[in-house]
Structure formats: C-alpha cells, structure tokens
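The values are calculated or read from the model by the stated rules, or taken from the named source; none is laboratory data. Note that the structure is predicted; figures quoted are calculated from it, not measured. For neighbour counting, all protein chains shown are included, and Cβ atoms are generated from backbone atoms with ideal geometry for every residue, glycine included. Keep in mind that these areas ignore ligands, DNA and RNA; they rest on the heavy atoms of the full protein, side chains included. Shrake-Rupley method; radii C 1.70, N 1.55, O 1.52, S 1.80 Å.
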Amino acid sequence: MDTADRTIWAADAIDAVSDIYGRHDGERATHAKGTLCAATFTATPEAAALSRAGHLQGDAIDARVRFSSGGGSPPAPAGAVDGRGLAVTFALPDGTATDIVALTLPVFFVRTPEDFLAFTRARRPDPDTGKPDFAKVGAFLEAHPETLPAIQATLGAKAPASYLDCTYNALHSFRLVSADGAGTWVRWTLEPDTPGEGLEPDDAAGRDRDYLHADLGERLASAPAGFTLVAVIAQDGDPLDDPTAAWPPERERVAIGRLELTGLASDRERDGDILVFDPTRVVDGVECSEDPILHARSWAYSESVERRTGVTRGA
C-alpha cells in the first residue's frame with residue numbers, strides 16, 4: 001500500500017473496530033482496558049551474542065509494561081472471554097526506545113490488512129440483535145481457514161487469575177543482528193515466573209469487574225514479579241511473514257533476559273504525554289520482517305492515537 005492507501009485503511013479499520021466495541025473518547029480502539037507498570041529489563045549474555053541492540057547488552061534498562069484485555073470497551077468485565085496483551089517499551093541509554101507487543105494467543109487471526117478489515121466488518125453486531133451475523137462470520141471463516149486457530153484459542157482459554165500468570169507471544173518475526181553482522185530470525189515469547197491455569201467460568205464471572213488491575217496492585221506492592229523474554233529461533237522453512245502460522249514447538253528457545261515489574265506506574269499518559277507501544281519501533285540490532293500485519297499495526301496505532309488525543313504521530 002502507498003501512504004494514501006494506508007491512511008484510508010487505518011481509518012476504515014478503526015471505524016470497523018469501533019462498530020464492534022463502541023466509541024470511547026480518549027481511549028484506545030483496542031486493548032482499551034489496561035494497567036501500566038514500572039519495570040526493569042536485564043539481558044542475558046546469550047542476548048548480546050545474538051544482537052548488538054543496546055537493550056540486549058546486559059545493563060539494567062528502564063521499561064514500562066502495559067497489561068490489557070483485548071477488547072475496545074473500558075467498562076468490559078476483566079473476566080470476559082478475550083485474549084490478553086502485554087506491551088513493553090524499553091528506554092535505551094541513548095534516549096531511543098524500542099517496543100514489544102505480545103498476546104496470550106499462539107497465532108494471529110489474519111495474514112493481511114485487507115483480511116483484518118474484512119474479518120472485523122464481518123463481526124459487526126446486527127443492530128436488531130446486538131450480536132454478530134454468524135452467516136457473515138461463517139462465510140469469512142470458510143474462505144479463511146487460517147483464522148480458526150486464533151478463534152479457537154480465544155474461545156477455549158480460561159480467564160486468568162492474574163496478568164502475571166500468563167504467557168504472551170509476540171507472533172511476528174524479527175531478525176536479530178549481532179556485532180559481526182550475523183542474522184538470526186526469532187519470535188518473542190514472555191514466560192511468567194508463576195504460570196497459572198486460569199479460572200473456571202463461574203469463578204471468573206463472579207469476580208470484580210477490575211480484578212486483574214487490583215491483583216497487579218496487590219501483588220506488586222508485596223514483591224516484584226517477572227517474566228523471562230525468550231527468543232524462539234527459526235529454522236529454514238519457518239514462515240517469517242505469516243502471523244497465523246505457528247512454528248513447530250521443538251524450535252530452540254534462548255532466554256534473552258528478565259523483565260522485572262516493580263510496581264504500578266503513574267508517570268506516563270498524563271500532562272499531554274502519549275504512550276504508544278509499536279512493534280515496528282526497533283533499534284539497530286533488530287530488524288522487522290515483511291509481515292504485512294506487523295506493519296499495519298503501526299498505521300492503525302497512529303490513527304487511534306490521533307482520534308484519542310488529537311496528536312498526529314510522526315513517521
């Protein structure tokens with residue numbers, strides 16, 4: 001897509017999302033319900049061997065982490081059937097930043113921006129029933145069987161007892177570049193210190209609407225909690241540009257560093273500060289794949305930022 005087409009697509013995509021969740025002034029179009037935390041990240045020696053990126057050299061790096069539910073309605077109950085998100089922005093010593101955006105899903109729903117728009121429009125609730133037209137959704141799924149694994153994972157997952165108990169997958173591929181120029185294709189996974197099995201439906205339904213936010217505050221007030229950032233290493237033939245395709249589970253996994261959460265954060269998104277987590281914001285030593293969904297995220301985020309803040313993001 002050229003720049004004009006990207007702008008049109010982003011506006012159409014945010015409109016389509018808003019048709020599902022409603023329009024909520026000042027809020028993100030998706031992942032509207034979330035909690036921001038302060039954190040530090042410390043890379044392993046294995047990380048520095050794979051990439052020359054500044055945040056992967058072993059020094060403690062300041063970070064901010066936002067946990068969220070996947071939908072676009074801030075009042076939605078935390079225990080609703082949904083994917084969950086973890087987004088990280090790393091503040092490098094040279095003043096630059098780089099981000100990771102991850103979900104509890106094993107794969108994404110669609111391969112292309114066009115398919116994202118078509119799938120989102122197919123899910124638009126019928127004005128008379130307030131529910132999606134299942135004939136339209138079924139027709140999309142029949143034409144796009146690659147969408148089924150993400151849907152099945154979403155509908156089959158239990159609501160978490162805590163954001164801190166979930167495994168989060170970044171879904172897109174990135175090329176790590178070492179000091180000598182060698183490249184390694186990876187996908188990111190964030191593995192929790194304390195994995196949980198999730199809640200039974202009745203338990204989730206009976207919890208407070210904001211129990212996941214409350215849990216973060218309580219747990220982090222008593223002790224830090226954390227995740228291991230893992231690089232899953234690609235082999236020849238693994239799809240690099242298709243987020244609907246999982247890599248085989250036996251792929252090599254390398255511990256890249258520890259992300260340690262130290263408490264809730266209130267130092268961002270106030271007084272005109274705009275916090276955007278954009279997985280295409282990379283630094284020297286990390287390169288994006290050509291995955292069209294990866295790049296479309298940045299276009300959609302820019303549109304969402306402008307609508308909720310009135311600020312136009314730079315390129």
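Given the criterion aliphatic (A, V, I, L, M), touching a strand residue (DSSP E or B) at 6+ places or on another chain (Cβ under 6 Å) and over 27 Å from Asp291 (Cβ atoms), identify the matching residue among Ala38, Ala63, Ala43.
The conditions single out Ala38.
For the stretch 302-315, how many residues are assigned to a helix (DSSP H, G or I) and more than 28 Å from Val177 (Cα to Cα)?
Number satisfying all stated conditions: 7.
From the list Ala16, Ala47, Ala39, pick out the single residue that is at pLDDT 95 or above, more than 28 Å from Val186 (Cα to Cα) and open to solvent by less than 10 Å² (accessible area, probe 1.4 Å).
When all the criteria are applied, what remains is Ala16.
Among the residues of the stretch 92-103, write down those that are buried (at least 21 other Cβ atoms within 10 Å of the Cβ) and out of contact with any His (no Cβ under 8 Å at 6 or more places or on another chain).
Result: Ile100, Val101, Ala102, Leu103.
Of the residues that make up the stretch 275-296, is at least one polar (S, T, N, Q), in a strand (DSSP E or B) and under 27 Å from Arg52 (Cα atoms)?
So far as the stretch 275-296 goes, no, none of its residues is polar (S, T, N, Q), in a strand (DSSP E or B) and under 27 Å from Arg52 (Cα atoms).
Within the stretch 104-133, take every residue that is under 28 Å from Gly198 (Cα atoms) and open to solvent by 60 Å² or more (accessible area, probe 1.4 Å) and give me the one that is farthest from the chain's Cα centre (by Cα).
Going through the qualifying residues, I end up with Lys131.
Only one of (1) over 18 Å from Thr30 (Cβ atoms); (2) open to solvent by 50 Å² or more (accessible area, probe 1.4 Å); (3) among the aliphatic types (A, V, I, L, M) fails for Val81. Which number is that?
The one condition Val81 does not meet is (1).
What pairs can you find where one residue is in the stretch 247-276 and under 12 Å from Arg66 (Cα atoms), the other is of a type in the set (A, V, I, L, M, F, W, C) and assigned to a loop (DSSP other than H, G, I, E, B), and their Cβ atoms are less than 6 Å apart, with a gap of 6+ or different chains?
Hits for this filter: Arg268/Leu275; Glu269/Leu275.
Quick check on the stretch 49-66: of everything there that is touching a helix residue (DSSP H, G or I) at 6+ places or on another chain (Cβ under 8 Å) and in contact (Cβ under 8 Å) with a residue 60 or more places away in the chain, which residue is nearest to Asp15 (Cα to Cα)?
Applying the filter and picking the extreme gives Leu56.
For residues that are among the charged types (D, E, K, R) and under 24 Å from Asp180 (Cα atoms), scanning just the stretch 273-301, find the one that is nearest to the chain's Cα centre (by Cα).
Result: Arg281.
Would you kindly identify the helices (runs of 4 or more DSSP H) lying entirely within the stretch 67-173 that contain at least 3 residues that are in contact (Cβ under 8 Å) with a residue 40 or more places away in the chain?
Helices (runs of 4 or more DSSP H) meeting the threshold: 113-122, 148-156.
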